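S.K.: Starting off with a structure, shown below.
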Amino acid sequence: MADVKLISLTKTFGDITAIDSMNLEIKDKEFFILLGPTGAGKTTTLRLVAGLEKPDKGEVHLDKFCVNNLSPAVRDVAFVFQYYTLYPNYTVRQNLEFPLRSNLRRLSKPEISKKVAEVARVLHIENLLERETINLSGGEMQRVAIGRAIVRTPKVFLMDEPLSNLDAKLREEMRAELARLHLDLGSTFFYVTHDQIEAMTMGDRVAVLNEGKILQIGTPDEIYNLPKDVFVARFIGSPIINLFDATIEKDTLIFGKRDMVCSIFEKQCSLLKNYNKKNLILGIRPEDIEVSREKQKDNSFKSTVYFKQSMGIEDILNLKINSIIFKAIASPKLQTKVGETVYANINIDRSHLFDTETNKRI
Amino acid sequence: MAEIVLKDIVKRFGDLIAVNNLSLNIKDKEFLVLLGPSGCGKTTTLRCISGLETPDEGKIFIDGEDVTIRRASRRDIAFVFQLYALYPHMTVYGNITYPLINQRYSKEKIKKEVDRVVEILKIKHILNKKPRELSGGDMQRVALGRAIVRRPKAFLLDEPIGTLDAKFREEMRTELKKLHVDIGATTVYVTHDQVDAMSMGDSIAIMNFGVLQQVGTPNEIYTNPKNLFVANFIGSPGMNFINCNPAMDSSGKLVLRPLLIDTFIPIPDRIQKIILDKKEEEKELVLGVRPEDVMLSMKKGENYIETKVFVVETAGSYNIIDIKLGSDIVRVRTLPTIAPKIGETVYIGVDMKRISIFNKKDGNSIM
């Protein structure tokens, strides 16, 4: 098993800088997730690590060695693609055996069947071994594709959105399965996705990527609770964080055109010394706004239920105060109705403050 | 504005029955979501409403008028397939006014309608741009603008956000819902994604194999699923299912015995009565429990089952703890502060007030 290190890695395609001097260290046995929107450079990064692309600048290190000049075949990494690539007329067993038959490895027949049996056990596909792959369901195919990657025990697994073609239900199941597989195999996973929930639920650490640049690296807890900038704050968490234009006047926060006025906490006061009378962006996650029918003591604002999204487990209320619309989470037991007046109680202690000019966290 | 009524619609393609005897009332100003897996007949249903397909049997009424065989262009309905379908050589203004010019609107009327759309969608600043200069979100808004500008009676949307990134989809859900609230036109929306359905629909119609499974508000469908298919399809993380046999305990009370683990699950009197009244006590049953209705404890409590933690998933505002029960995974949704270690022994119990029970054989709820 191995660690992965990227040193000022740069890759351009014509005028477009896909990866912009990226530095990244993935520890041995880590489940590391690269998260970002379409076009951020996620897949390019994986392809650089695999050796499918050559960098313009910088180095890729696997297991302490620079592998820039090594061909993909000898880098000893396994790539799992979004579109499972199986041999359709082979059985599952033949598909799993195939990577082991390579001349590079020279394994004996009993060794091969032992390895295949082990992989089949880990992935719960023992009963599928003699089936042809065209007769498998989507989830089964993806398991076999993962099986083909793990059967030859590579140093590093590179996974490019392996779950995005599965239906929602199966994706959830596979999330838990992959997290557990990672633990059982004890190998390094480098996983790419645009889905923040996959990143949050599976990753040991997550790097948020946008336009070829890494914006933040941290544990799921860190990037959720301490987002470094507005982009990360918006990208992580569902429903999306509320962002308000705000100004500071001494120890009060003014939202919009005085639509809401909050007193702020002492510990925030010292941080905000330099921002007196200046504009900033205030972020509050919907779960940090409590909804009630009665006015509460502090930071409780009268608002109208503009519309409502019933998610079953919770209601996402879209509340309106003058021209400001924001989201809050309410229990379905509260049985709020559209058009009704409620109070939004803002837990200002849990707010995130960002500089308007730089979009960076204050 | 329009009320749409489908009566006993059947649509066949060769031997395949794509839509099987579907009846549905879509109220004026309602946002109805047709939800189901691929191949369930949801898109065929939408195409029948639009007039792109003619049903083999049954009738379609819009505002009380039988339109079953009326041409698509004369039904006054806007069909949005893919929000990105814009004319690349025209400006945003040109794209939006195109349907009006086509219908020979006067200049003043065109201006008035465009102003209205620009205000609703907040796209004034991009009116003179070409589609290729726009961000994905703006392109979507323009395509919507083109649909709403001629004030159709109803909107039909077929997975308009299906190909987008997860984050972007979430933003568009809120925008589409807000748009519906603001203009209040009857909307039929087709999707395979239950989150789309829950977060936007006033009501949801779930289909499978061409057959309507259940119609109801998001909350009704979530709390009282009519069968295993609906229960399984709605909710994320999904409902937990435990196969059980009813049995009598030593005091003669009816309990549930999970098939794979040696324990008893006591059930409330109300549900015991339902099982006995419906003569289900001899049959194999499926206990359905949503992840938020499973309680997790580090200490053994009454009626709690001892298990081990399989995986812990952190989602920020909550955690999902995956537990192995026999060979099944049971998911528990907890506060983000509760994070046991993998392999740790924990105890789980069930909030019996909020369970569902299904007959294993036909899949129907017995509640």
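Just so it is clear, none of the values below were taken in a lab; they were calculated from the coordinates. Because the structure is a prediction, the values reported are computed rather than measured. So basically every Cβ, Gly included, is an ideal-geometry build from the backbone, and we count neighbours across all protein chains shown.
S.K.: Give, as a single signed number, the net charge of other residues whose beta carbon lies under 13 Å from the beta carbon of B:L86, with Lys and Arg counted +1 and Asp and Glu -1.
M.R.: My count for the surroundings of B:L86 gives +3.
S.K.: Which of B:C40, A:C262 has the fewest other C-beta atoms within 10 Å, and how do the rest follow up to the most?
M.R.: Least to most surrounded, the residues fall as A:C262, B:C40.
S.K.: Would you mind classifying region B:1-141 by shape? Square roots of the alpha carbon gyration tensor eigenvalues, ordered a ≥ b ≥ c; an a/c under 1.5 is rounded, otherwise it is prolate if a/b is larger than b/c and oblate if not.
M.R.: It comes out prolate by the Cα gyration axes.
S.K.: Please work out the C-alpha center-to-center distance from region A:284-304 to region B:198-244 and express it in whole Å.
M.R.: Cα centroid of region A:284-304 versus Cα centroid of region B:198-244: 31 Å apart.
S.K.: Further question on the same structure: Which net charge results for the neighbourhood of A:P55, defined as the other residues with beta-carbon distances under 11 angstrom from its beta-carbon, given Lys and Arg at +1 and Asp and Glu at -1?
M.R.: Computed value for this residue: +1.
S.K.: OK, next. Net charge around B:P336, counting only other residues with Cβ within less than 15 Å of its Cβ (Lys, Arg = +1; Asp, Glu = -1)?
M.R.: Net of charged neighbours comes to -4.
S.K.: Does the protein assembly as shown come out rounded, prolate or oblate by the C-alpha gyration tensor, with a ≥ b ≥ c the root eigenvalues, rounded set by a/c under 1.5 and, if not, prolate when a/b is larger than b/c and oblate if not?
M.R.: In terms of gyration-tensor shape, rounded.
S.K.: Starting with the fewest neighbours, write out B:E313, B:E133 ranked by other beta-carbon atoms found within 10 Å of each beta-carbon.
M.R.: With the sparsest Cβ surroundings first, the list reads B:E133, B:E313.
S.K.: Work out the length of the dipole vector of region B:4-233 about its Cα centre, built from +1 on the beta-carbon of each Lys and Arg and -1 on the beta-carbon of each Asp and Glu, and round it to the nearest 20 debye.
M.R.: 960
S.K.: I've got another one for you. Might you report the magnitude of the Cβ-based charge dipole of the protein assembly as shown about its Cα centre, with Lys and Arg at +1 and Asp and Glu at -1, to the nearest 20 debye?
M.R.: 1300
S.K.: Could I ask something else about it? Using Cα centres only, tell me the gap between region B:118-191 and region A:188-203 in whole Å.
M.R.: First find each Cα centre; the distance between them is then 29 Å.
S.K.: What's the magnitude of the charge dipole for chain A around its Cα centre, counting Lys and Arg as +1 and Asp and Glu as -1 at the beta-carbon? Answer in Debye, nearest 20. Mind showing how you got there, number by number?
M.R.: Working: 51 positive and 48 negative charges, 27 e Å.
Computed about the Cα centre, the dipole is about 120 debye.
S.K.: Lys/Arg Cβ at +1, Asp/Glu Cβ at -1, dipole of chain B taken about the Cα centre: which of B:I275, B:L22, B:I69 is farthest positive-ward?
M.R.: Checked the options; the winner is B:I69.
S.K.: Springs between alpha-carbon atoms under 10 Å, Gaussian network over chain B: tell me which of B:L35, B:L276, B:L176 tops the mean-square fluctuations.
M.R.: Greatest mean-square fluctuation among the candidates belongs to B:L276.
S.K.: Find the centroid of the Cα atoms in region B:37-51 and in region B:248-273, then give the distance between the two in whole Å.
M.R.: Result: 43 Å between the Cα centres.
S.K.: Also, quick follow-up: Fewest first, what order do A:D288, A:D349 take by the number of other Cβ atoms within 10 Å?
M.R.: If I rank by nearby Cβ atoms, fewest first, I get A:D349, A:D288.
S.K.: Assuming a ≥ b ≥ c are the square roots of the Cα gyration tensor eigenvalues, decide whether region A:118-195 counts as rounded (a/c under 1.5), prolate (otherwise, with a/b larger than b/c) or oblate. Before the final figure, lay out each step's value.
M.R.: Numbers: a/c = 1.70, a/b = 1.11, b/c = 1.53.
Taking the square roots of the gyration eigenvalues as a ≥ b ≥ c, region A:118-195 is oblate.
S.K.: Dipole of region B:160-300 (Lys/Arg Cβ +1, Asp/Glu Cβ -1, origin at the Cα centre): which of B:M198, B:P246, B:V230 lies farthest to the positive side?
M.R.: Of B:M198, B:P246, B:V230, it is B:P246.
S.K.: Any chance you could give the angle, 0 to 90 degrees and rounded to 10, that helix A:109-122 forms with the longest Cα principal axis of chain A?
M.R.: On a 0 to 90 degree scale, this one is about 20.
S.K.: So how tilted is helix B:136-148 from the main axis of chain B? Cα-based, degrees 0 to 90, rounded to 10.
M.R.: Helix B:136-148 and the main axis of chain B meet at about 70 degrees.
S.K.: Next question. Specify the angular offset, from 0 to 90 degrees and rounded to the nearest 10, of the alpha carbon long axis of helix B:107-121 from the longest principal axis of the alpha carbons in chain B.
M.R.: 20
S.K.: State the answer as a single residue: which of B:Q140, B:I265, A:A149 lies farthest towards the positive end of the charge dipole of the protein assembly as shown, with beta carbon charges of +1 for Lys and Arg and -1 for Asp and Glu, about the Cα centre.
M.R.: Of the options given, the answer is B:Q140.
S.K.: Further question: Starting from the Cα of B:K279, draw a straight line to each of the lysines and keep only those under 25 Å, dropping any in the same chain fewer than 8 residues away.
M.R.: B:K226, B:K253, B:K353, B:K360, B:K361
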